[in-house]
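The values are calculated or read from the model by the stated rules, or taken from the named source; none is laboratory data. These figures come from a predicted structure and were not determined experimentally. Please note: Cβ atoms are built from the backbone with ideal geometry, for glycine as well, and neighbour counts cover all protein chains shown. For the accessible areas, the whole protein counts, side chains as well, though only heavy atoms, and no ligand, DNA or RNA atoms are used. Shrake-Rupley method; radii C 1.70, N 1.55, O 1.52, S 1.80 Å.
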Amino acid sequence: MEAKQAVFQYDRAFSRNIGWVTAKEQEKLRGARVAIAGLGGVGGAHLLTLARLGVGNFNIADFDDFEVHNFNRQVGAFMSTVGRPKAEVLREQALGINPEADVRAFGEGVTAANLDDFLRDVDVYVDGIDFFAIEARRMLFRACHERGIPALTAAPLGMGVSFLYFRPDGMSFEQYFRIEGRSQQEQYARFIAGLSPAALHRGYLVAPDAVNFKEKRGPSTMMSCDLCAGVMGTSVLKVLLKRGPIRAAPWAMQFDAYKQKLSFTWRPFGNANPLQKLLLALIRPMLKG
């Protein structure tokens, strides 16, 4: 017996969103464009979550290919996709959800040469870049701030999520993290401190040797990436539909499912805040080990 050929209908495909959003709001999501740089652990999950929300247009970027060690956390990682470009695979998956979507893929990643094209027509920027790619992240957040594009990041820490929102008229990425002119190791320390001032994920790392900053690797979980996608998807919805406030930097939010704790932190002056200086003093020796 032949399988019945499915016919895509946008209104039917996303009809179960109605109730949490109005039909008019769903149409607004359909016309929105979201940029996502990095399509690994969190970036791929962000894309598919937003595609299922009915967002109709994306600019996506990643220069990497899928490998076996991606299987524990990356939504595009399967035996069938090993060796294939992440941008190509994730574009196919997004179009598998919404064949009418306009998905512009940047298989070379985001560079100074294609930055303008990547951010063209974008309503919101979603950060999914690898933790260690700090210079590329700084370039993107700076460009978003200059162009008036809301920029959001959700970091997968332990078995939880740490969320930051950089409003175009608010504190910038650089003003918060204060990375300019620092050594690479100090940049890592400041990025960690700024991502999670509450540090809820500390205390249950059972194999510390799994963290190696020289080799640029660290442990991760799918649960954390899923939590990131849920927080990010909801936050992007609120930004696009103007559905109420989101606490912007210097506020940060962290939820840790393992500890079952939620924390909101407010750090005026970002990493120059006295509490952040204390946290940095604790983090720096850990990075040297």
Practice problem: Taking only segment 158-183 into account, find how many residues are surrounded by 24 or more Cβ atoms within 10 Å (Cβ to Cβ) and of a type in the set (A, V, I, L, M). | Solution: 2
Quiz item: Do we find that R30 is over 17 Å from A136 (Cβ atoms), open to solvent by 60 Å² or more (accessible area, probe 1.4 Å), in contact (Cβ under 8 Å) with a residue 12 or more places away in the chain and not hydrophobic (A, V, I, L, M, F, W, C) in this structure?
Solution: yes
Quiz item: Within segment 240-250, which residues are surrounded by fewer than 18 Cβ atoms within 10 Å (Cβ to Cβ) and of a type outside the set (G, A, S)?
Solution: L241, K242, R243, P245, I246, R247
Exercise. Filter segment 184-209 down to residues that are open to solvent by 30 Å² or more (accessible area, probe 1.4 Å) and in contact with a strand residue (DSSP E or B) (Cβ under 8 Å, 6 or more places away or on another chain) and give me whichever is nearest to D130 (Cα to Cα).
Key: H201
Quiz prompt | Out of F132, F213, sole residue that is of a type outside the set (S, T, N, Q) and either closer than 17 Å to W251 by Cβ or buried (at least 18 other Cβ atoms within 10 Å of the Cβ) (or both) | solution = F213
Quiz prompt | Residue in segment 106-118 that is in a loop (DSSP other than H, G, I, E, B), in contact (Cβ under 8 Å) with a residue 60 or more places away in the chain and in contact with a Lys or Arg (Cβ under 9 Å, 6 or more places away or on another chain) present | solution = no
Practice problem: Filter segment 260-275 down to residues that are out of contact with any Gly (no Cβ under 7 Å at 6 or more places or on another chain) and open to solvent by less than 40 Å² (accessible area, probe 1.4 Å) and give me whichever is farthest from Q175 (Cα to Cα). | Solution: S263
Exercise. Could you check A257 against (1) open to solvent by 90 Å² or more (accessible area, probe 1.4 Å); (2) at negative phi and say which number it fails?
Key: (1)
Exercise. Please tell me if A35 is in contact with a helix residue (DSSP H, G or I) (Cβ under 7 Å, 6 or more places away or on another chain), in a strand (DSSP E or B) and open to solvent by less than 50 Å² (accessible area, probe 1.4 Å).
Key: yes
